[in-house]
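Novice: Input: one structure, supplied below.
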Amino acid sequence: MVWQRPDGRQPYQLRPISFHTGFTRFAPGSVLTKFGDTQVLCTVSVSEGVPKFLAGSGKGWLTSEYRMLPSATQERQARELLKLSGRTQEIQRLIGRSLRGAIDFDVLGERTLTVDADVLQADAGTRTAAITGGFVALAHAVSQLVQQGVLERSPLSGQIAAISVGLLAGEPYLDLNYIEDVTATVDFNVVMNQHLGIIEIQGTAEAGSYSRTELNHLLDFAEKGIQQLLILQREAISDWDQLLLVN
Ligand code: CDP
């Protein structure tokens with residue numbers, strides 16, 4: 001049996017991806033991110049000060065909050081339950097860990113960047129869209145904050161993108177939508193930087209197990225997807241060449 005993708009994509013093909021920067025006005029970074037029918041609003045704000053464990057260190061911090069809106073899924077979910085769920089906690093910690101890899105905290109100084117990822121519509125891959133779009137929002141915020149003189153220089157030291165891959169009928173597929181996500185026997189979320197260095201891999205066998213050969217095949221697909229996302233992210237940031245710190 002071969003898996004027929006519901007939207008007719010090739011196995012290695014991403015959904016239509018878009019980044020609408022400046023989508024809302026008040027946060028310095030704001031990007032509406034679309035991976036097909038998955039839509040995530042990513043905003044980035046800055047505040048003076050850091051959590052207690054960093055006070056006096058001269059270093060800054062980045063943290064993230066993730067939430068689905070009640071009507072982001074087919075059945076309405078209560079706001080309070082969405083806030084408290086373990087899934088929410090897990091995903092926002094993943095977003096924070098991933099995007100901390102993009103910032104030089106000595107350059108940022110004792111300030112905190114907060115990445116808010118709010119899912120308007122969930123058709124799977126919301127965490128990978130939040131990380132990939134969160135990076136664009138981070139670059140957008142840094143650009144605005146440097147222009148406004150809030151930051152003396154850009155603390156952006158890396159580029160981060162993320163994608164999902166999974167096994168369906170024993171074969172790898174890139175960027176799963178919801179139907180594919182619930183059908184997949186193996187489900188991966190992969191986060192990489194601009195050198196295709198691995199930041200994080202979450203890989204779960206929903207049924208049975210997967211082999212080392214399948215793992216390598218899945219990572220090859222993820223890498224191809226991330227290569228494309230890195231290009232699309234740069235295209236979405238007009239002053240990209242001035243933003244990335246060269247160490
Ligand atoms: O969204 P992501 O793939 O990062 O995370 P997931 O936990 O694997 O969820 C996959 C998809 O299942 C979500 O994007 C939603 O479409 C759906 N979902 C849902 O409808 N209700 C939930 N409480 C959790 C997930």
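Novice: Criterion first (within 23 Å of GLY96 (Cα to Cα) and more than 16 Å from the ligand (Cβ to nearest atom)) does SER164 satisfy it?
Specialist: Working: within 23 Å of GLY96 (Cα to Cα): yes; more than 16 Å from the ligand (Cβ to nearest atom): no.
Here the answer is no, as SER164 does not meet what is asked.
Novice: Continuing with this model, one more query. Collect the residues in the range 57-71 that are within 12 Å of the ligand (Cβ to nearest atom), open to solvent by less than 30 Å² (accessible area, probe 1.4 Å) and in a loop (DSSP other than H, G, I, E, B), keeping them in residue-number order.
Specialist: Of the range 57-71, the ones within 12 Å of the ligand (Cβ to nearest atom) are 66-71.
Pick out the ones that are also open to solvent by less than 30 Å² (accessible area, probe 1.4 Å) and you get 66, 68, 70.
Once the filter is applied, which keeps residues that are within 12 Å of the ligand (Cβ to nearest atom), open to solvent by less than 30 Å² (accessible area, probe 1.4 Å) and in a loop (DSSP other than H, G, I, E, B), the range 57-71 yields only PRO70.
Novice: Can we say PHE19 is free of Cβ contacts under 8 Å to residues at least 24 places away in the same chain, surrounded by 14 or more Cβ atoms within 10 Å (Cβ to Cβ) and either in contact with a Leu (Cβ under 8 Å, 6 or more places away or on another chain) or among the β-branched types (Val, Ile, Thr) (or both)? Give the steps one after another, and end with the answer.
Specialist: Details: free of Cβ contacts under 8 Å to residues at least 24 places away in the same chain: no; surrounded by 14 or more Cβ atoms within 10 Å (Cβ to Cβ): yes; either in contact with a Leu (Cβ under 8 Å, 6 or more places away or on another chain) or among the β-branched types (Val, Ile, Thr) (or both): yes.
When the stated conditions are applied, PHE19 does not pass them.
Novice: Counting only residues that are modelled with pLDDT of 95 or more and open to solvent by 40 Å² or more (accessible area, probe 1.4 Å), give me the strands (runs of 3 or more DSSP E) lying completely in the range 72-177 with at least 2 of them.
Specialist: Details: elements: 111-121, 160-168, 171-174.
Ranges flagged: 111-121.
Novice: So, of the residues in the range 25-56 that are assigned to a loop (DSSP other than H, G, I, E, B) and either farther than 18 Å from LEU108 by Cα or among the aromatic types (Phe, Trp, Tyr) (or both), which turns out to be most open to solvent (accessible area, probe 1.4 Å)? Steps first, answer last, please.
Specialist: Initial filter on the range 25-56 (assigned to a loop (DSSP other than H, G, I, E, B)): 25-28, 36-37, 49-51, 55-56.
Still in the running and either farther than 18 Å from LEU108 by Cα or among the aromatic types (Phe, Trp, Tyr) (or both): 25-26, 36-37.
Details: ARG25: 205, PHE26: 182, GLY36: 23, ASP37: 93 Å².
Going through the qualifying residues, I end up with ARG25.
Novice: Mind counting the residues in the range 202-247 that are within 24 Å of VAL31 (Cβ to Cβ) and either in contact with a strand residue (DSSP E or B) (Cβ under 6 Å, 6 or more places away or on another chain) or open to solvent by less than 70 Å² (accessible area, probe 1.4 Å) (or both)?
Specialist: 16
Novice: Among the residues of the range 184-201, is there at least one that is within 16 Å of the ligand (Cβ to nearest atom), closer than 24 Å to ARG97 by Cβ and surrounded by fewer than 20 Cβ atoms within 10 Å (Cβ to Cβ)?
Specialist: yes
Novice: Hey, any hits in the range 109-129 for a residue that's hydrophobic (A, V, I, L, M, F, W, C) and away from the ligand (no atom under 15 Å from the Cβ)?
Specialist: First, pick out the residues of the range 109-129 that are hydrophobic (A, V, I, L, M, F, W, C): 113, 115, 117, 119-120, 122, 124, 129.
Cutting the leftovers down to away from the ligand (no atom under 15 Å from the Cβ) gives us 113, 115.
Scanning the range 109-129, I find at least one residue that is hydrophobic (A, V, I, L, M, F, W, C) and away from the ligand (no atom under 15 Å from the Cβ), so the answer is yes.
Novice: What residue, of ARG79, ARG100, is of a type in the set (Lys, Arg) and within 14 Å of the ligand (Cβ to nearest atom)? It would help to see each step written out before you state the result.
Specialist: Numbers: ARG100 fails: within 14 Å of the ligand (Cβ to nearest atom).
After applying the criteria, what remains is ARG79.
The values are calculated or read from the model by the stated rules, or taken from the named source; none is laboratory data. Owing to the predicted nature of the structure, the values given are computational and were not obtained by experimental measurement. Backbone-built Cβ (ideal geometry, glycine too); neighbour counts: all protein chains shown. Accessible surface areas use protein heavy atoms only, side chains included; no ligands, DNA or RNA. Shrake-Rupley method; radii C 1.70, N 1.55, O 1.52, S 1.80 Å.
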